[in-house]
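Bear in mind these aren't lab numbers, they're just calculated from the coordinates by the rules spelled out. Because the structure is a prediction, the values reported are computed rather than measured. Cβ atoms come from the backbone with ideal geometry, glycine included; neighbour counts cover every protein chain shown.
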Amino acid sequence: MKKNFRRLISAISLFILSFTLQGVNGQSIDSVLSKVEQWKIKNLMKGLSIQAYVDVYYVGNIGGTLPTSHTYEFQSNSPFINEVRVNMFDLNIHYSNRWARVTSDIRFGDQPQLLATNSTAMWVNYISQLSLGFRIYKGLWFDCGYLESPVGVESSMPINNILSGCSVGSYYEPSTLLGGAVSYTTNDESWVFIGWAGNPFTIPFGQNTRIMYGIDIAYNPSEKLTVSYNNALGDISARGAAYNKYYFFNNLYADWSPVPKWNIIAQTDLALQKVKSIETDSVKGGIMVSALLGARYRVLPKFSIAIRGEMFYDPENILITDQYSGKTDHFMIYGFTAGLEFKPFNDAYIRGQYSFLTSGDSGVRPFNEVVSPAEQYWADYYRQCFTLTMGMRF
């Protein structure tokens, strides 16, 4: 009985549908469906953007022989030497309308694998961002999920930087967050305010199991200038630890293009750590300071040169921790990088760069170390290398 009733309802529905379609200005079913698809494209798909980006590289060590499989220390991207490899393939899918937005950023290659090595959550090897946002009011949004951190003048994507290799300070900056953020952009888009809370995924801490908090403020008076202050604070000790380790990270940077041919960047980081414990004194507090100053000059429409100086100072070993076996007291790295870029078109580049980093102390040898005794070569207090990269965004 129920089956017969369902069949009768279905037959009536099909009859009404066919009659309605025949009566709509004499249009065929195909033409009506075409109108529906046109509406979708106009009203839904117009907010959809899909962008892909690929970067390949070759890094050659200067002065000394290293194993091909070796990963360079303090290298945010292009980590392996003596091989042509894929630094990253990035696929970004973004959809937005007046009231909601969704972002999915998936990455493959050496760079995402490198940045996820300290995390027990292996999905971070591939997912750079996966978030859902809702509009609360004009300019006011709430986003949650796996979010990219706005900290730092240098992007994880080489195409957005003046040089392909990032500084040591950028290597230690908070990079991603599993949590939520409230953001507000003023009507003229000159100010952006963000407040966030969540579980950071970072190079020095892997996946922090405690909630941290932070604010981000950016001032963009014009397309030529961006000034931004960002911070992160909270307890970064492991659950059940015999101490509380409070961490306060501060980042200030500026990106300035005074004239079309010049692009100047400057940044400083200040991290503070305080430890409270009545059971152990093996973990200590301290301070870390890093800074960089860089400039790019476009010599010709398709050719530019860039240089960056940098410094990283971690005297109490709060971020270096046990990453290498040498002396860490008053740990410092400083140096410079210079490069040449050719852009065959706007979203493609071919770059060559030279980098020199040193601890300035022959007793502090953080470079070229390996754990396995089978791979024998000398640790050193300085490092020289050249890097060739090619990339395209489409």
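For the reader, a short list of remarks on this structure follows.
- Residues whose amide H comes within less than 5 Å of that of residue 166, counting only those at least five positions distant or on another chain, are 76, 77 (H built at 1.01 Å from N in the peptide plane).
- Cα-based shape type of region 210-307, given that a ≥ b ≥ c are square roots of the gyration tensor eigenvalues and the cut on a/c is 1.5: prolate
- Computed from the Cβ-Cβ distance with R0 of 30 Å, the FRET efficiency linking residue 276 to residue 215 stands at 0.80.
- Most to least packed among 162-172, 211-221, 135-145, 351-361 [average Cβ atoms within 10 Å]: 162-172, 351-361, 211-221, 135-145
- In a fully extended conformation the segment linking residue 95 and residue 48 would gain 16.5 nm over its present Cα-Cα distance, using 0.36 nm per residue.
- Restriction of the trypsin sites (Lys or Arg not before Pro) in region 219-270 to DSSP coil positions whose beta-carbon has at most 10 other beta-carbons within 10 angstrom yields 239.
- For region 188-195, the Karplus equation 6.51 cos²θ - 1.76 cosθ + 1.60, evaluated at θ = phi - 60°, returns couplings of 8, 6, 7, 10, 10, 10, 9, x Hz by residue, with Gly and Pro reported as x.
- Mean Cβ count within 10 Å, highest first, over the residues of peptides 98-106, 305-313: 305-313, 98-106
- Listed pairs 224/343; 46/224; 138/224; 224/261 exceeding 18 Å between Cα atoms: 224/343; 46/224; 138/224
- Residue separation of residue 248 and residue 186 scaled by 0.36 nm, minus their Cα-Cα distance, works out to 19.6 nm of gained length.
- Peptides ranked, highest mean first, by Cβ atoms within 10 Å: ranges 192-198, 109-115: 109-115, 192-198
- Distances between placed amide hydrogens fall under 5 Å for residue 201 paired with 175, 176, 177, 178, all partners being 5 or more residues away or on another chain.
- Per-residue Karplus couplings for region 223-239, computed as 6.51 cos²θ - 1.76 cosθ + 1.60 with θ equal to phi - 60°, are listed in order as 5, 7, 9, 9, 10, 9, 10, 9, 9, 8, 8, x, 8, 10, 6, 6, 4 Hz, Gly and Pro entered as x.
- At an R0 of 35 angstrom, the distance between the Cβ atoms of residue 82 and residue 224 translates into a FRET efficiency of 0.30.
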